Amino acid sequence: MTVLGIETSCDETAASICHDGRILSNIISSQVVHSSFGGVVPEIASREHELMLNSIVNDAISEANLSLGDLDAIAVTQGPGLAGALLTGASFAKGLSIGLNISLIPINHLEAHIFANFLADPNLNYPFICLLISGGHTQLWLVKNMGIYVLLGETRDDAAGEAFDKGSRILGLGYPGGPQIEKISKNGDPTKIIFPRSLMGSDNLEFSFSGLKTSLLYFMDNFQESKECRLADVAASYQQAIVDCLSEKLARAIMKTGITNCVIAGGVAANSCLRAELNKRIRNAQILYPDLEYCTDNAAMVSFLGEIKLKSGYKSNLIFNVSPNLKLT
Ligand code: KG4
Ligand code: ZN
């Protein structure tokens, strides 16, 4: 089967073709226009999607050496995400599926992030633990099977990606913050400043990053760059605090559940410091990481999951509404 995937939940306009479990094309246009605002402006995001969708979808189809008539179905992100941004993709997908008379499969963006791991390892076995870390979510899931998800813990306040983005703004670096902080941190000393790591002593699997962000804000109030303490040291110390919280809670989830099969998903999964820390710290479990291009928002994960759903008998749905707060369970 051949499925076109469309993803417009935030500031990435993306389209991809999946054919029999293989990604034939994966086109992404990132909206750089937001960087001057230090974060995504929802109305601008919707307008940019409108401008780009047609050509991105065409590029995805032609890069796969296909034409519109070869498509069996369209999969599109239903939520969670920005309402207007989701609407542009969903409306485009509905129109195209009606025009071509093919199935339409709404996709949960969070589930797509998790399933990106099957692109890294098609033989990934259930059950597994997923640390889902993106701009809007920080959650630990027990994935028992497709569609059977148990939430083990999540953040009480900011998501890990949000902590990177807000931290980056405080440090005067660009948006999105994760890659910026990661880059500058490579030259920094992560032990220079001990930022707080919240909820580390508690036995639960919850996260909290708002105290860390406030602590950085206060620190920067009196910060003067010097040889002894450079901006790179501050960034590296901040990154290390986030990474420590994430790896501690994943280690705890493994201990609590006894499940040693783990995957990481979402934009923050691209972070090399996190990957190194997890590999160093978690020796009693296997950790699978999606390819970097499948960590941050992309349509390959959408077309891939769409095809799986289609093959497992999921019926076409042309009348769904977008759902900005869509949950996994
Ligand atoms: O999954 P994603 O692309 O979009 C959402 O579903 O939210 O995640 C975006 C988040 C942003 O907060 C961004 O700063 C973060 O992922 N991110 C990173 C890295 N690349 C993206 N965080 C840390 N290190 C990175 N290399
Ligand atoms: Zn995402």
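The values are calculated or read from the model by the stated rules, or taken from the named source; none is laboratory data. Since we're looking at a predicted model, the values are computed, not measured. FYI the Cβ positions are ideal-geometry reconstructions off the backbone, even for glycines, and counts take in every protein chain you see. The accessibility values were calculated without ligands, DNA or RNA, using every heavy atom of the protein model including side chains. Shrake-Rupley method; radii C 1.70, N 1.55, O 1.52, S 1.80 Å.
General remarks:
- The separation of the range 33-56 from the range 266-321, counted between C-alpha centres, amounts to 23 Å.
- Accessible surface of the range 1-75 [probe 1.4 Å, protein heavy atoms]: carbon and sulfur percent: 50 percent
- Over the range 87-242, relative contact order from alpha-carbon pairs under 8 Å, at least 6 apart, %: 19 percent
- FRET E, pair V32, D189, Förster distance 22 Å, beta-carbon r, rounded to 0.05: 0.10
- Here K256 is the anchor, and the aspartates and glutamates within straight C-alpha reach of less than 16 Å, apart from those fewer than 8 places off in the same chain, are E154, D203, E206, E248.
- Burial ranking of peptide ranges 312-320, 172-180, 20-28 (average Cβ count within 10 Å, highest at the top): 172-180, 20-28, 312-320
- Positive contributions from Lys and Arg (+1) and negative ones from Asp and Glu (-1), summed over other residues with Cβ under 13 Å from the Cβ of D297, come out at -4.
- Computed over protein heavy atoms with a 1.4 Å probe, the carbon and sulfur contribution to the accessible area of the range 125-294 reaches 50%.
- Taking a point 7 Å from the Cα of D72 along the Cα-to-Cβ direction, the residues of the range 1-30 with backbone N closer than 17 Å to it are 1-6, 16-25.
- Estimated at 0.36 nm per residue, the fully extended path between I98 and I44 surpasses their Cα-Cα distance by 16.7 nm.
- 26 Å Cα-Cα reach of K311 towards lysines, excluding residues that sit fewer than 8 places from it in its own chain: K94, K144, K327
- Two-site FRET efficiency, M255 against R230, from Cβ-Cβ distance with R₀ of 45 Å, rounded to 0.05: 0.75
- Accessible area in square angstrom per residue, the range 125-294, 1.4 angstrom probe: 44 Å²
- 222 nm mean residue ellipticity, helices alone, for the chain (DSSP H n ≥ 4; -39,500 (n - 2.57); rounded to 500): -13000 deg cm²/dmol
- Cross-link reach list, aspartates and glutamates versus K227, counting only Cα pairs under 18 Å and skipping chain neighbours closer than eight places: D189
- Cleavage-rule hits (GluC sites (Glu not before Pro)) in the range 47-150: DSSP loop, at most 12 neighbouring Cβ within 10 angstrom: none
- Here K327 and R283 are evaluated by their C-beta separation; at R0 = 51 Å the FRET efficiency comes out at 0.95.
- Counted as membrane-span-like here are DSSP H helices of the chain whose alpha-carbon atoms extend 24 Å or more along the helix's own axis and whose Kyte-Doolittle mean is -1.0 or above; these are 42-63, 83-100, 231-257.
- Ordering of 322-328, 222-228 by packing is 322-328, 222-228, highest average first (other Cβ atoms within 10 Å, averaged per residue).
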